[in-house]
Amino acid sequence: MTRNLPPVVVIGGGHAGVEAADAAARLGADVVLVTLRPEALVRLSCNPAIGGIGKGHLVREIDALGGLMGRAADAAGIHFRVLNRSRGPAVRGPRAQQDFETYPAVVRRLLGRHGRVELLAGEVVGLRFDGDRVSAVETAAGEVIEAASVVVTTGTFLGGKLFRGEEEEPGGRAGEPPSVALSEALRMAGLRLGRFKTGTPPRLLARSVDLQRFEVQPGDEPPEPFSFANLALPRFRPPMPQVPTHLAQTNPRVHAVVRANLDRSPLYTGRIRAKGPRYCPSFEDKVVRFPDRDRHLLHLEPMGIEHPWIYVNGLSTSLPPEAQEEIVHAIEGLEDAVIARYGYAVEYDYAPPTQLHPTLEAKTRRGLFLAGQICGTTGYEEAAGLGLVAGVNAALRAMGRDPWVPDRFDSYLGVMVDDLTTRGVLEPYRMFTSRAEMRLSLSPDTADRRLRPVAEHLGLVSRADLERTERRWEAIQAARAALERRGPRGSAAQRLRRGEPPEEVLSEVEAARRLPPADRATLAASVRYEGYLERERKEVARLRQAESIRLPRDFDFSRIPGLSHEVRERLAEVRPASLGQAARIPGVTPAALALLAAAVGTRRHAAPA
C-alpha cells in the first residue's frame with residue numbers, strides 16, 4: 001500500500017479493532033491493523049451471538065454510523081430473537097446467534113472494500129513518541145511503523161493469563177499467546193493499569209448431544225434484523241439457514257459437584273484476584289451466591305450451521321477438567337455429551353478509563369487512543385462501539401480536524417463513553433438500558449434519525465445514506481399526520497392512545513399500511529408514548545444547560561475554597577469538560593457542585609473582555 005501520510009495504526013483485530021480500522025478508513029485515512037493472527041480476525045471468542053438488552057441498541061447505533069457489526073450480524077445470523085419483547089419498545093433487545101465461521105468472513109470482506117486497510121501479522125511491543133505525541137509503534141520482529149495516531153484494542157490479550165483448575169498459563173485466548181511487552185510500553189506512556197477477569201463455558205460436540213431431550217426455543221418469525229438497510233425491506237430474509245436453540249437446566253447434583261470442587265477453583269483459592277463481570281458470573285459464583293436455588297437455566301446454542309460444537313450459555317467455569325466432566329454429565333440430557341473444549345478463566349490488563357478524554361484519547365499522550373476491553377468493558381458490542389469512536393477520533397486527529405464525542409443524551413454510545421471516562425469502573429462495564437436517563441428517546445429503532453446526520457457530517461456515510469434516512473422519517477411523519485385525522489370513531493391516534501391493538505388500527509390507514517413492518521411499530525410507539533417523550537425532551541433541555549457551562553482544561557480545582565481533598569482529587573483526575581459532567585463524577589456532592597459553579601462564574605467574570 002502506497003501512503004502519502006503516516007497511517008492510523010490499530011493494535012488488535014477483535015471487534016474494537018476492526019470497527020476502529022473501518023471507521024478511520026471511511027474518513028479517508030490509511031490504516032495498518034496489526035494483529036497476532038490475521039486468520040483469527042474478529043473471532044467470536046465467547047458467546048456466538050451479537051446483540052441483546054442494551055447491546056442490541058449499540059449495534060443499531062454502530063450501523064447508523066456506518067459501522068460493520070449490524071450488517072455482518074444480519075448476514076451471518078442463524079437464529080434471530082428480540083429479548084424483552086413483552087416490554088416497551090425502548091427496552092427491547094434485538095439479538096442473533098451467529099455462524100462462527102461466517103461472521104468473521106463477512107467482516108473481513110466488508111473491511112477490505114476500502115482498499116485502505118492493511119492487515120499485518122505481528123506483535124506490537126513498543127510505542128515511540130515525539131514529545132507528548134505518539135509517532136510510531138515497534139513490533140517484535142523489529143519493524144518500526146510510523147503512525148499519525150494509534151488505537152490500542154488488545155482485548156483479553158494484554159498481559160493475559162489463562163486459568164483452569166490448578167493449571168495456569170500465559171494466553172489471551174485458548175491456544176493463543178498474550179501480549180506482555182505492550183503492557184510495559186503503556187505504563188511507560190504514563191497509563192496506570194489494573195486487572196480484570198472473564199471466563200467462558202465448555203463447548204460440547206454437537207453429535208454427542210440428543211437435542212430432542214431439551215425444550216426447543218425457536219427464533220422469531222419474521223426475524224428482526226440489526227441493519228437499517230434490512231429493516232427497510234418489506235420482509236427480511238436471512239441469507240443463512242435458521243436453527244433453534246435449546247433450553248437445559250442444572251440440578252442439585254450439579255451444584256454438589258461445584259461445592260465439592262471449590263477448593264480447586266482459581267476463583268476461590270485466591271489465584272485469581274481480579275474482578276469479573278457482575279452480570280455474567282461464573283457458574284461457581286452462581287452456586288455460591290444463590291445457595292437456595294436448586295436449578296439454573298442453560299442455553300444450548302449452536303456455533304454454526306456446519307460447526308461441530310455447541311456453546312453452553314450459562315455454564316462459564318474455570319474448574320479443573322475432571323470437575324467439568326462431572327458437571328456436564330450430571331445435567332439431564334447431557335449424560336453422554338463429549339466436551340470438545342473445557343471452560344477457562346482469563347485475567348488481563350486494562351487501563352482505568354478516567355485516564356482518557358471522552359474522545360478515548362489518553363490524557364498523557366496525544367494521538368494514543370484506547371478502545372474495547374482495555375477501557376474496562378466486557379462484550380463484543382461495547383468493544384465495537386468504543387472502537388468506532390476511537391477510530392473516528394484517531395483519523396480526525398491525524399487529519400487535523402476537530403474531535404467528535406457522542407452525546408450522552410443522543411445515544412447509548414454517548415452514555416457508555418461518558419460513564420467510562422467520567423465515573424470510571426470498579427468491574428467490567430456492560431451496557432444496560434437502565435444506564436441511560438432518556439431510554440424512550442434512545443429506542444433502537446430511532447438510532448438512524450439520531451446519528452445518521454452526524455455520520456454524514458463527519459464523512460462516515462454518504463449523502464445518499466442520509467437521504468434514505470430522511471425519506472424513512474418523512475414517510476413515518478406523513479403516516480403520523482394521517483393518524484391524527486378524525487374519523488367517525490375519532491382519530492386513529494386517539495384509538496392507539498386508548499390501547500387498541502396497533503396492527504388493527506394501522507391497517508385502516510393507507511399511509512401506515514405502506515410502511516415496512518419495523519416502521520409501523522416505530523409509528524405506533526411514537527403515538528402511544530407521546531407524552532412521555534415530550535417529558536424526556538424537556539428534561540434533556542434542562543440537563544443540557546449544565547452541559548453548556550464549560551470548564552477550561554487548565555482549571556485549577558485545588559484553588560476552589562471549601563472543596564474537600566477527595567473531591568479535588570476526583571475533579572483533577574477526570575478533568576470534566578462541563579459542569580454537567582462534573583455532576584456525574586462519583587463523590588462530587590451537590591454542595592461541591594455549587595462551589596464549582598460559583599468558581600466558574602467568578603473566573604468567567606474576571607476574564608478580560
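The values are calculated or read from the model by the stated rules, or taken from the named source; none is laboratory data. Source: prediction; values computed, not measured. Note: ideal-geometry Cβ built from the backbone for every residue, glycine included; neighbour counts use all protein chains shown.
Determine, yes or no, whether ALA330 is crowded, with 19+ Cβ neighbours inside 10 Å, over 26 Å from GLY77 (Cβ atoms) and assigned by TED's automatic domain parsing to the domain that holds TYR279. Explain how you work it out, then say what you get.
On the way: crowded, with 19+ Cβ neighbours inside 10 Å: no; over 26 Å from GLY77 (Cβ atoms): yes; assigned by TED's automatic domain parsing to the domain that holds TYR279: yes.
For ALA330, the condition - crowded, with 19+ Cβ neighbours inside 10 Å, over 26 Å from GLY77 (Cβ atoms) and assigned by TED's automatic domain parsing to the domain that holds TYR279 - is not met.
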- Query: Looking at segment 535-609, what helices (runs of 4 or more DSSP H) fall wholly within it and have at least 1 residues that are farther than 22 Å from VAL405 by Cβ and touching a residue at least 12 places away in the same chain (Cβ under 8 Å)?
  - Reply: 565-574, 590-606
- Message: Can you say whether ALA232 is at pLDDT below 95, crowded, with 18+ Cβ neighbours inside 10 Å and not assigned by TED's automatic domain parsing to the domain that holds GLY376, as far as the supplied structure shows?
- Response: yes
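Which is farther than 29 Å from LEU111 by Cβ and of a type outside the set (S, T, N, Q), of GLY343, GLY400? Steps first, please.
Numbers: GLY400 fails: farther than 29 Å from LEU111 by Cβ.
From the options GLY343, GLY400, the qualifying one is GLY343.
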- Message: So if I check each of ALA260, ALA232, ALA256, which one is small (Gly, Ala, Ser) and either in contact with an Asp or Glu (Cβ under 7 Å, 6 or more places away or on another chain) or over 27 Å from GLU166 (Cα atoms) (or both)?
- Response: ALA232
- Message: As an exercise: evaluate HIS246 against (1) in contact with a helix residue (DSSP H, G or I) (Cβ under 6 Å, 6 or more places away or on another chain); (2) within 23 Å of ALA330 (Cβ to Cβ); (3) in a loop (DSSP other than H, G, I, E, B) and give the number of the one condition it does not meet.
- Response: (3)
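Could you check segment 63-136 for strands (runs of 3 or more DSSP E) lying wholly inside it with 2 or more residues that are surrounded by fewer than 23 Cβ atoms within 10 Å (Cβ to Cβ)?
Numbers: elements: 77-83, 93-98, 117-121, 124-130.
Once the strands (runs of 3 or more DSSP E) in segment 63-136 are filtered for at least 2 residues that are surrounded by fewer than 23 Cβ atoms within 10 Å (Cβ to Cβ), what remains is 77-83, 117-121, 124-130.
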- Note on the structure: Among (1) among the small types (Gly, Ala, Ser); (2) more than 25 Å from GLY54 (Cα to Cα); (3) in contact with a strand residue (DSSP E or B) (Cβ under 6 Å, 6 or more places away or on another chain), GLY276 falls short only on (2)
- Filtering segment 458-471 down to residues that are touching a Leu at 6+ places or on another chain (Cβ under 9 Å) and either among the hydroxyl-bearing types (Ser, Thr, Tyr) or not in a loop (DSSP other than H, G, I, E, B) (or both) yields LEU458
- Note on the structure: Taking segment 424-471 and keeping only residues that are out of contact with any strand residue (DSSP E or B) (no Cβ under 9 Å at 6 or more places or on another chain) and of a type in the set (Ser, Thr, Tyr), one is left with SER434, SER441, SER443, THR446, SER462, THR469
- Item | Of all residues making up segment 180-195, the number that are touching a Leu at 6+ places or on another chain (Cβ under 7 Å) and either crowded, with 17+ Cβ neighbours inside 10 Å or in contact (Cβ under 8 Å) with a residue 24 or more places away in the chain (or both) | 6
- Within the bounds of segment 427-442, is there any residue that is more than 19 Å from LYS55 (Cα to Cα) and either buried (at least 24 other Cβ atoms within 10 Å of the Cβ) or not assigned by TED's automatic domain parsing to the domain that holds VAL59 (or both)? no
- Message: If LEU33 meets every condition in (1) surrounded by 22 or more Cβ atoms within 10 Å (Cβ to Cβ); (2) in a helix (DSSP H, G or I) apart from one, which number is that one?
- Response: (2)
- Selection from segment 137-159 of residues surrounded by fewer than 17 Cβ atoms within 10 Å (Cβ to Cβ) and among the hydrophobic types (A, V, I, L, M, F, W, C) yields ALA140, ALA141, VAL144
- Message: Condition first: touching a strand residue (DSSP E or B) at 6+ places or on another chain (Cβ under 6 Å), assigned to a helix (DSSP H, G or I) and either more than 30 Å from GLU335 (Cα to Cα) or at pLDDT 95 or above (or both). Can you find one or more residues in segment 194-216 that meet it?
- Response: yes
- For ALA464, are the conditions met, namely being touching a Pro at 6+ places or on another chain (Cβ under 6 Å) and not β-branched (Val, Ile, Thr)? no
- Query: Quick check: anything in segment 567-574 farther than 23 Å from GLY424 by Cα, surrounded by fewer than 16 Cβ atoms within 10 Å (Cβ to Cβ) and not basic (Lys, Arg)?
  - Reply: no
- Pairing a residue in segment 386-410 that is in contact (Cβ under 8 Å) with a residue 24 or more places away in the chain with any residue that is in a helix (DSSP H, G or I) and among the polar types (S, T, N, Q), where Cβ atoms lie under 6 Å and the two sit 6 or more apart in sequence or on different chains, gives PRO403/ASN393
- Note on the structure: Among strands (runs of 3 or more DSSP E) entirely within segment 291-355, at least 1 residues that are small (Gly, Ala, Ser) occur in 339-341, 344-350
- Query: When you go through (1) more than 15 Å from ILE62 (Cβ to Cβ); (2) buried (at least 19 other Cβ atoms within 10 Å of the Cβ); (3) not aromatic (Phe, Trp, Tyr) one by one for ARG468, which number turns out not to apply?
  - Reply: (2)
